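The values are calculated or read from the model by the stated rules, or taken from the named source; none is laboratory data. Quantities reported herein were computed from a predicted structural model and do not represent experimental measurements. Note that we place each Cβ from the backbone using ideal geometry, even for glycine, and neighbour counts take in every protein chain shown.
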Amino acid sequence: MGDDFVLFAGSASRELGQNVASYLGHPLGRSEALRFSEGNLFVRVLENVRGRDVFMIQGTAFPANDNFMELLFWIDALKRASAASVTAVMPYFSYAKGDKKDEPRVSIRARVCADAIEAAGADRVVTMDLHATQVQGFFKIPVDDLHALPVLCDAIQAKGLENLVVVSPDAGFAKKARQWADRLGVALAIADKRRDDHSEQAEVTELIGDVAGRTALIVDDFTITGGTLVDAARVVRERGAASVYAAVSHGLLAGPAIERLDASHIERLFITDTVETQPVEFSPKVEVVSVASLFGEAIRRIASRESISILFD
């Protein structure tokens, strides 16, 4: 039963899909996705999936809407091909940050996407570091929200950084930042961030904790323009940090992100390979850490009907 599954990768996650397949020692299924001149998408499964458990790896970033629609079409195609089950593996769920109605007349985008994924026929969702864990509750099907923390922490510890302190970029991320600090066995500091609108710009105004003479590691779940990370780096250096590093689960480096990073106090930014359709060329400051083994192990355990709780330890 454990080996009788089919693994596919959509156009947004081909490289990660290949790496997951290599980890599992399992071939990647044949498929094709076409984009027509007017913008329509067409997907076709080129393997027999009748009666089999299927895992479709497809990120939803750059371009978010196209890649999300492609995921829905893959799920529908697989269910219509009589797959026994379809697990949507979304390395990065872009609309997860639209998790609440925090002002009048706005959509709860994550809920709309969850409904669409279920309506398309998905039986399970596997993703990584949702912006808000309560997004799992938007689904009526099982959701496994994996964490990049252990993989990124291992990469950071391999650097041998001394006198480390973990810095949360805002109070909202403080609980998760505490998990980073506990894993690394170091202290925690918290920055105070203010965001006044939807411009993707935020200002770090205060810092709680001691960073003087220490190596600061700023951690977050994702970055888009790099503004918060760069601003937090400025503040910790002003407070006497000897050096600054940063680590995020999802590196969505768009717009001025690379220029900001290169001009900032950040010596190295650790990101994972959950987003591979990047619109920019990476700076030498960016180090990509693969989470293929984590997704691969989750897929293996789900296919074998084993517990995946060990992956959260």
Can you find a residue that is assigned by TED's automatic domain parsing to the domain that holds A303, of a type in the set (F, W, Y), within 23 Å of V143 (Cβ to Cβ) and assigned to a helix (DSSP H, G or I) anywhere in the stretch 61-68? yes
If we keep only residues of the stretch 242-254 that are assigned to a loop (DSSP other than H, G, I, E, B) and touching a residue at least 40 places away in the same chain (Cβ under 8 Å), then the residue nearest to G172 (Cα to Cα) is L252
Return yes or no: is D170 surrounded by fewer than 21 Cβ atoms within 10 Å (Cβ to Cβ), in the same structural domain as L217 (by TED's automatic domain parsing) and modelled with pLDDT under 95? yes
State whether one or more residues within the stretch 53-60 are surrounded by 14 or more Cβ atoms within 10 Å (Cβ to Cβ) and aromatic (F, W, Y). yes
Among A132, A122, A116, which is surrounded by fewer than 23 Cβ atoms within 10 Å (Cβ to Cβ), over 13 Å from the mean Cα position of the chain (by Cα) and without any contact (Cβ under 8 Å) to a residue 60 or more places away in the chain? A116
Any idea which residue in the stretch 212-230 is modelled with the highest pLDDT, counting only those that are assigned to a loop (DSSP other than H, G, I, E, B) and closer than 17 Å to R268 by Cβ? R214
The one condition T274 fails out of (1) in contact with a Pro (Cβ under 9 Å, 6 or more places away or on another chain); (2) at pLDDT 95 or above; (3) in a strand (DSSP E or B) is (3)
Considering E297, E276, which residue is within 18 Å of the chain's Cα centre (by Cα) and assigned by TED's automatic domain parsing to the domain that holds S22? E297
Please name all residue pairs, on different chains or six or more residues apart, with Cβ atoms under 8 Å, provided the first residue is in the stretch 280-303 and is within 20 Å of S22 (Cβ to Cβ) and modelled with pLDDT under 95 and the second residue is of a type in the set (G, A, S) and part of a helix (DSSP H, G or I). none
